[in-house]
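Here is the structure we will look at.
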Amino acid sequence: MAKNRRNGISPTIAKFYKSIENRNIHEGRVVDQAYYKSNNIERLFTNIRFDCLFKINEPIVPRFILDFYSQVTVQTDEYGYLVISFMIQHEFITLTLAQFGQILKIPYNGQAVFTNEWDLASLEYSQETEGPYSTDLPTPDDIRRLLELERVMVDRTIKSQTVTLTPNQILTKELSPDMKQWEELIRENVFGLGGHRDHLPACLAHMLYCVVAEEQYNLAYFFVKRIECARANPTANLPYGMFLTRLYRHIMEVYPHLDNGIYDIIDRVMRPFALKQTRRPRSDRGKARHSVSSSSSHHHGTSSHQHDDDDDDVETSRASTPSPTTYLNSLNPLNYQNYEMPSASEQTDETLFERQTTLLNQTQEMHKEMRGGFKSFGKALKGVFSKKKK
């Protein structure tokens with residue numbers, strides 16, 4: 001394996017970290033009891049198993065999240081079911097969508113659709129028309145009627161240009177106060193990846209429809225599609241930090257030999273999501289909530305954009321754990337390489353043995369580099385990722 005001795009790091013390791021450089025981890029928010037006890041949230045959300053969104057209260061395992069996102073692949077088996085595959089250290093792990101939903105404790109049956117679009121019409125052309133996730137979706141008219149929207153404006157300024165909104169483009173201010181509270185909770189723990197919070201993404205409007213209509217919603221399908229989307233976007237934040245802690249616990253239980261001390265569990269940065277309080281004086285905003293501590297001597301910074309109050313049309317990031325590059329100085333070498341996921345028909349014992357042999361050989365090579373190559377990931381990565389040629 002060729003080595004870049006000038007920087008003290010192999011191209012394989014550099015390639016691994018390149019894809020996650022400057023990415024943020026979105027933790028999610030713990031929800032205060034007073035919040036979900038108000039405005040029928042507890043009853044309505046429990047009816048469609050969305051109570052998982054306010055029953056989540058987990059620490060964060062940054063190294064595991066990076067391991068997961070670096071290799072996760074979503075495929076469809078011969079029957080049309082989604083399969084999630086990834087590597088944790090040297091173990092190749094495959095889960096069905098139902099297994100994934102059970103582990104994360106989120107619903108994995110019901111209406112299924114994924115789109116990043118704003119316009120409600122995007123739901124129809126984004127849905128699967130056949131197979132196990134084929135869904136009879138409500139029409140845009142159905143959604144608008146059930147949400148009892150009140151159009152407050154038809155013109156909106158976007159990048160200094162006046163744009164006339166279509167009836168299928170919903171603004172959050174058109175929601176009733178009670179429904180606005182439901183929207184905030186769902187956005188925090190299902191979306192929560194920044195963007196303009198003054199309008200309602202089509203999938204979020206669909207989720208609100210399911211809450212009101214008491215229609216089951218396949219949250220696991222949405223999670224996996226968003227994970228796949230974030231994995232493919234080099235600038236996207238990495239979602240579902242708290243939920244992935246449940247996956248971490250499951251894997252450590254099934255594969256106890258992977259619990260080898262390399263995964264630090266840290267406190268969350270974001271404060272609990274609570275009912276709105278009186279807005280603090282401007283001079284108090286931006287002050288750190290608290291420092292993040294762990295059982296190790298590793299240092300983890302806090303992040304910005306932690307305010308509960310958001311003005312309309314303000315782009316906001318809810319990624320509450322800092323960039324993974326913050327953690328790289330304290331990470332041990334990783335034990336696997338990027339790979340092309342074989343199809344179900346190609347996954348034989350022979351190919352599995354060949355892949356595992358390659359990974360083990362690479363692991364040994366990595367450890368040799370670590371002993372004689374460099375002491376600080378930070379210094380090595382600085383050289384690898386610098387655009388300035390020496």
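The values are calculated or read from the model by the stated rules, or taken from the named source; none is laboratory data. Keep in mind it's a predicted model, so treat the numbers as computed, not measured. Counting neighbours? That spans all protein chains shown, and the Cβs are built from the backbone with ideal geometry, glycine included. Only protein heavy atoms, including side chains, enter the accessible area calculation; ligands, DNA and RNA are left aside. Shrake-Rupley method; radii C 1.70, N 1.55, O 1.52, S 1.80 Å.
Table: residues versus (1) in a loop (DSSP other than H, G, I, E, B); (2) touching a Pro at 6+ places or on another chain (Cβ under 6 Å); (3) open to solvent by less than 50 Å² (accessible area, probe 1.4 Å); (4) under 21 Å from residue 27 (Cβ atoms).
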residue: 167; (1), (2), (3), (4): yes, no, no, no
residue: 179; (1), (2), (3), (4): no, no, yes, no
residue: 185; (1), (2), (3), (4): no, no, yes, yes
residue: 204; (1), (2), (3), (4): no, no, yes, yes
residue: 211; (1), (2), (3), (4): no, no, yes, no
residue: 223; (1), (2), (3), (4): no, no, yes, yes
residue: 228; (1), (2), (3), (4): no, no, no, yes
residue: 235; (1), (2), (3), (4): yes, no, no, yes
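Candidates are the residues of the range 95-118 that are part of a helix (DSSP H, G or I) and in contact (Cβ under 8 Å) with a residue 60 or more places away in the chain; the one that is nearest to residue 53 (Cα to Cα) is 104.
Is it true that residue 134 is within 12 Å of residue 208 (Cβ to Cβ), hydroxyl-bearing (Ser, Thr, Tyr) and modelled with pLDDT of 90 or more? For residue 134, the condition - within 12 Å of residue 208 (Cβ to Cβ), hydroxyl-bearing (Ser, Thr, Tyr) and modelled with pLDDT of 90 or more - is not met. Within the range 39-63, residues that are touching a residue at least 60 places away in the same chain (Cβ under 8 Å) and assigned to a helix (DSSP H, G or I) have Cβ atoms under 6 Å from residues that are open to solvent by 50 Å² or more (accessible area, probe 1.4 Å) and of a type in the set (Lys, Arg) in these pairs: 52/105, counting only partners at least 6 apart in sequence or on another chain.
Taken together, the residues in the range 28-42 that are at positive phi and of a type outside the set (S, T, N, Q) amount to 1. Scanning the range 119-147 for residues that are hydrophobic (A, V, I, L, M, F, W, C) and not in a loop (DSSP other than H, G, I, E, B) turns up 123, 143, 146, 147. Of all residues assigned to the range 67-85, at least one qualifies as being buried (at least 22 other Cβ atoms within 10 Å of the Cβ), outside any helix (DSSP H, G or I) and over 17 Å from the mean Cα position of the chain (by Cα). Scanning the range 223-244 for residues that are within 16 Å of residue 201 (Cβ to Cβ) and touching a residue at least 12 places away in the same chain (Cβ under 8 Å) yields 223, 225, 226, 229, 230, 236, 237, 239.
For the range 93-131, name all the residues that are farther than 23 Å from residue 211 by Cβ and either surrounded by fewer than 17 Cβ atoms within 10 Å (Cβ to Cβ) or under 18 Å from the mean Cα position of the chain (by Cα) (or both). Residues satisfying the conditions are 94, 95, 96, 99, 103, 125, 129, 130, 131.
For residue 246, indicate whether it is assigned to a helix (DSSP H, G or I), farther than 23 Å from residue 35 by Cβ and at pLDDT 85 or above. No: the conditions fail for residue 246.
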